[in-house]
Each structure stands twice: as C-alpha cells, then as structure tokens.
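The values are calculated or read from the model by the stated rules, or taken from the named source; none is laboratory data. Fair warning: this is a prediction, and the values are worked out from it, not measured in the lab. All Cβ positions, glycine included, derive from the backbone under ideal geometry; neighbour counts span all protein chains shown.
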C-alpha cells in the first residue's frame, strides 16, 4: 500500500514539473513571437525612414513650398516612435534587480535561470546545481520562479508591441488622411 502511494506521489511530482516546463516552453515561444513582431516593426519602420529622409533632404526646397512636408514629418515621427518601442522590446533584460549567488550565499536562487548564475565559475556552479537538485520542492520552486520571471518579461514585451502597433497604425492613418486633405484642399 505504501509503495503504491509513493509511486502515485512520484508520478504527481513528475506531472507538476511537466506542467511547469510546458508552460515555460509556451511562454518562451510567445516571447519569440513577440520578438519577431518587434523585429518586423523595426525593419519596416527603419526602411521607411531610410526612404523618407533622403527624399526629404534632396527635395528640401520643393517640400518647404508644399503641404507634403506635414505628412512626411508625421510619418517620420510615427516611424521614430515605433522604432523606439520595437527596440525596447528587443533590448535584453536588465539584471540589476536580480540577486545572484555572489550577493547572498545564504539564499537559494534558481540554478536554471542564467541571470542568477552567469557570474559563477564552473566549479562553483556545479556545486550549487548539485545542492539545488537535492530537494524536489526546491526544484519546483525554482521552475515556478523562472516561469514567473518569463511571464513578467513576456507581459512587458506584449504590452510594448501592442502600443507600437497602435502608434504605427494610427500614424499611418493620420498621415494618409492628412495627405488626402492637402491633395484635395
């Protein structure tokens, strides 16, 4: 009877860890999708700016006498803000807020997250990993902590991507409407 309960407990432990791992993998894939969207926005807007600026510089005299200057300026501002936001999405995280092994040797930190161990030496990491894997509850806590931080970063990325797309969409629309206004005025 005890053997059966122990076997069920071990299976339950594995199920919990598998659920956490699957969720981590899904969040990492969503992070990859967010990075791809930011990359597309960055590339598209950088291309647009690289076309608009030389056109504007080579036609400065013509542009100053026409209303086309205003839509071009609006488009350039839209591109600049979108590039800024897309770059923030792609910018690597800041690890100043993460305590690492060297700052507090009495506290246990996840050995699975590179932000906690990237300053460790190989032997030091090996000993820390060996100690960290002794307790299943600690392993689950480490995995849950890593999942939490991945989720927090993903939430920030998705929020910035949404804002960047809204600004880009709104800027394009306003630019087109302004252009049409000046064309038919």
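Annotations for the structure displayed:
- Only listed residue being farther than 22 Å from residue 28 by Cβ, modelled with pLDDT under 90 and either exposed (fewer than 12 other Cβ atoms within 10 Å of the Cβ) or touching a helix residue (DSSP H, G or I) at 6+ places or on another chain (Cβ under 6 Å) (or both), chosen from 119, 130, 99: 130
- Number of residues in segment 31-61 that are in contact with a helix residue (DSSP H, G or I) (Cβ under 8 Å, 6 or more places away or on another chain) and under 30 Å from residue 147 (Cα atoms) equals 8.
- Test: residue in segment 76-91 that is within 17 Å of the chain's Cα centre (by Cα) and not in a helix (DSSP H, G or I): yes
- Residue check for residue 50: more than 29 Å from residue 118 (Cα to Cα), surrounded by fewer than 12 Cβ atoms within 10 Å (Cβ to Cβ) and at pLDDT below 80: no
- Looking across 63, 73, 42, one residue alone is within 17 Å of the chain's Cα centre (by Cα) and surrounded by 14 or more Cβ atoms within 10 Å (Cβ to Cβ). It is 42.
- Lone qualifier among 53, 28 - being touching a residue at least 12 places away in the same chain (Cβ under 8 Å) and over 19 Å from the mean Cα position of the chain (by Cα): 53
- Note on segment 143-183: among residues that are over 17 Å from the mean Cα position of the chain (by Cα) and modelled with pLDDT under 85, the one that is nearest to residue 88 (Cα to Cα) is 145.
- Of the criteria (1) within 23 Å of residue 136 (Cβ to Cβ); (2) at pLDDT 80 or above, which one residue 42 fails: (1)
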